[in-house]
Amino acid sequence: MAKKLIREISPDQMVEAILARRQTLATTLPSTLAEREAETNRAYQLVKDAQEKLSALSNEAANDERQKAKHFVEEQETFRRRAVSRRSKASNAMNNNDASLAYWSSLQPEELDSLLTDAERVRSGGPSSWGIRQDAEEEEEEA
Amino acid sequence: MSSILPFDDLRQEPTEIVEERYNTLVTQVEALDRERKEAIELRKAHSSVIKYAVNKQERPTLAKDLPEAPSLVRAMELKSAFDALLNERDEFVSRISVRKDRIEQMLDHLYNALVLEDGRTNVTVDQEREMFSRFFEAQAMLDAYRSYDVLLHELNATRRMLLEEVKSINRDDRRWSQTVARQLTELRSLRREAGRLKAFLEQSNRTGRTTLPDLPEDLSTRLYSGDSISLEELSLMLAHGGLSALPEPKNVAFESQRRRTPQHQSRRSSPRRGRAQHERNGSS
């Protein structure tokens, strides 16, 4: 978006833009989550298969062969952890998206005003949040 | 010899004229002295205002009865305006505390995170609320920078005008220094002349130059011929300047100028006796 438009966007327009983005995400996130679920299930299965293969090896089996089987189990385990993490991330994103949609779609004017308190303070000639923080730090240093 | 005598030219003039010249000179000296003092005060004021304008002095030191100087008044007005704008600028910087380019970057970043589809998907509602609030604060800060740009423009313009005024005052200051130096030279010359006239008048008063009666015409003749003169005549002669003031008399045979014919006497080798002795005793 052009810088000029960014500078001039109003709070209501911004809320609409956020909702639009969240709604788009709401259409794509379920499929992403389903993919992640399937991936995780597959990862669990792969770990299980690898562990069974390792247990099936007789005590007389060559040391080298046992090492290879162990290494394969570790690889599958790493993949599983990553898949679980990705599924969790997709699940969180889905939850956040739902919460965000709920919040922004039911935003009350008073709630919007409270979000714009800092902007209003700056517009009426007051200090910015950064200015306030800097003053506080300076006072702390002086004290 | 007469050229180095201090009162030669004055002796030929009546005392009243000399007195009038003296009074005129005294008036001129007083007027010039006043002008010079004013010029010195003005020069000091110029110097003080320059120091004030370039922040070497907290406030200018100006005499109360300083004559009107528009350039000084203008420079002080400009300096006050410049200081006010400078304070305004510092207050703004302290109030906003973030550079303009940094705010623009922040605005872009927040917009991307909040609105663009390729932004982060795992943003929580609380983070979104925080970013929303920051975005509009940054927008307000950027709007505030518009008035700041106007302020900076005004500040620079005032600074330029002030520097020009300082240059002009500096030029005036040099001119006033030259004026003061010239006045001093002129004043010295006038004072010297006034002092000379005053000394002459005082001397004239002491010797009673104005009431001195003329010397009797025959005084010179009588004096040079060896006649007696009275005490009053002697006093008058001294008041007129002594013997040198008397004109040389004509056709007077001076005793002192008479030439004595040398008398050649034959040396006596023997004592006087008889008639010769008698004649000598009788004559003495």
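Quick note: the coordinates plus some simple rules give every number you see, no bench work behind them. These figures come from a predicted structure and were not determined experimentally. Glycine also receives a Cβ, built like all others from the backbone with ideal geometry; neighbour counts cover every protein chain displayed.
Put the Cα centre of the range B:74-132 next to the Cα centre of the range A:86-143 and the gap is 15 Å. Applying 1/(1 + (r/R0)^6) with R0 = 45 Å to the Cβ-Cβ distance of B:Lys37 and B:Ala81 gives a FRET efficiency near 0.90.
Distance between the 7 Å Cα→Cβ label points at B:Glu20 and B:Ile229: 3.4 nm.
Across the range B:9-19, coupling constants 3J(HN,Hα) worked out from phi with the 6.51/-1.76/1.60 Karplus curve, θ = phi - 60°, read 5, 7, 4, 7, 9, x, 4, 4, 5, 4, 4 Hz, and Gly and Pro carry x. Cα centroid separation, the range B:4-43 to the range A:6-36: 98 Å.
Per residue of peptide A:113-119, the mean number of Cβ atoms on other chains within 10 Å of the residue Cβ is 5.
Comparing A:Gln23, A:Gln76, A:Gln13 in a Gaussian network model of chain A, where Cα atoms under 10 Å apart are tied by springs, the biggest mean-square fluctuation is seen for A:Gln13.
In plain terms, the chain from B:Asn156 to B:Arg206 could stretch by 10.8 nm, reckoned as 0.36 nm per residue minus the Cα-Cα distance. Highest mean first, the peptides B:42-53, A:77-88, A:101-112 sorted by other C-beta atoms within 10 Å per residue fall in the order B:42-53, A:77-88, A:101-112. Put a dot 7 Å past the Cα of A:Glu140, heading toward its Cβ, do the same for B:Arg120, and the two dots end up 2.3 nm apart.
Round to the nearest 0.05 the FRET efficiency obtained for B:Ser147 and A:Lys70 when R0 = 51 Å and r is the Cβ-Cβ distance. My answer for the efficiency is 0.15.
Neighbouring Cβ atoms from other chains, within 10 Å of the Cβ of residues in B:178-186, number 0 on average. Remark: mean inter-chain Cβ contacts per residue of A:126-139 equal 4, using a 10 Å Cβ-Cβ cutoff to other protein chain atoms. Put simply, the amide H of B:Asn122, placed in the peptide plane, has no neighbours under 5 Å, leaving out anything fewer than 5 places away on its chain.
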